[in-house]
Amino acid sequence: MTNLFGSCIAAGFTQTAKSKKVCDYIARGKELAQKHIKVFSDYLEHHSLPVPMLLAVNQDVTNLTEPPFSDKLMMHHFGLMIYAGIGNYGTAISECMRSDLATDYSRLQIEILKFSEDGLNIMIDNNWFEQPPLAKG
């Protein structure tokens, strides 16, 4: 459900973001969320379990092209959703008693972590977020 919600939000944000980098990043997030939905839907189907009926991603997205929010705010909110997803997978890993599912959760969590770094770099490049302190090496 978190990935479905993220896909819906991404559909709206991509059509209103002013920056091409922000738009492309959020579009990548939408593709990633849809991929994760497919992984778990396929898993349920493969094991003859019912797949919840998923809503159409663009069902409630209007044709609005004038941004209701700044790119900075959209990136911030999108980042919060990403971090919630990372936490969801972490919780799922800790509660899962099946190694096959825990492996999938771990793999998908790593994908999201790598993706979130790209978003953080966009925010740093636009001075929307300060670079965290780094250790001297």
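Can you give the FRET efficiency for Lys20 and Asp100, using 1/(1 + (r/R0)^6), R0 = 41 Å, r = Cβ-Cβ distance, to the nearest 0.05?
Details: r = 39 Å, r/R0 = 0.96.
Approximately 0.55, to the nearest 0.05.
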Rounded to the nearest 10, the angle in degrees between the Cα long axis of helix 71-95 and the longest principal axis of the Cα atoms of the chain comes to 30 degrees
Need the list of lysines near Lys18 for cross-linking: C-alpha distance under 27 angstrom, and skip anything on the same chain fewer than eight residues off. Lys30, Lys35, Lys72, Lys114
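Once neighbouring chains are kept in place and the probe is 1.4 Å, which whole percent of the accessible area of the chain is contributed by carbon and sulfur?
Details: 5350 of 9010 Å².
Its accessible area is 59 percent carbon and sulfur atoms.
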Per residue solvent-accessible surface (Å²) - the stretch 1-112, probe of 1.4 Å: 62 Å²
Of the candidate values [x] 49, 47, 17; [y] 39, 35, 29; [z] 43, 32, 30, the one computed for Cα extents along the principal axes in Å from this structure is [x]
In degrees from 0 to 90, rounded to the nearest 10, what is the angle of the helix 99-125 Cα long axis to the longest principal axis of the chain? 0 degrees
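Treat every Asp and Glu Cβ in the chain as -1 and every Lys and Arg Cβ as +1, leave all other atoms uncharged, and give the resulting dipole magnitude about the Cα centre to the nearest 20 debye. Present the calculation step by step, with values, prior to reporting the outcome.
Values: 12 positive and 15 negative charges, 47 e Å.
Dipole of the chain, to the nearest 20 debye: 220 debye.
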For the stretch 100-137 and the stretch 16-94, compute the distance between their C-alpha centroids and round to whole Å. 16 Å
With springs only between Cα atoms under 10 Å, which of Met81, Met123, Met97 fluctuates most in a Gaussian network model of the chain? Met97
Tilt of helix 2-14 relative to the longest C-alpha principal axis of the chain, in degrees (0 to 90, nearest 10)? 30 degrees
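The values are calculated or read from the model by the stated rules, or taken from the named source; none is laboratory data. Worth saying up front: this structure is predicted, and the values here are computed from it rather than measured. Glycine also receives a Cβ, built like all others from the backbone with ideal geometry; neighbour counts cover every protein chain displayed. SASA here: full protein model, heavy atoms, side chains in, ligands and nucleic acids out. Shrake-Rupley method; radii C 1.70, N 1.55, O 1.52, S 1.80 Å.
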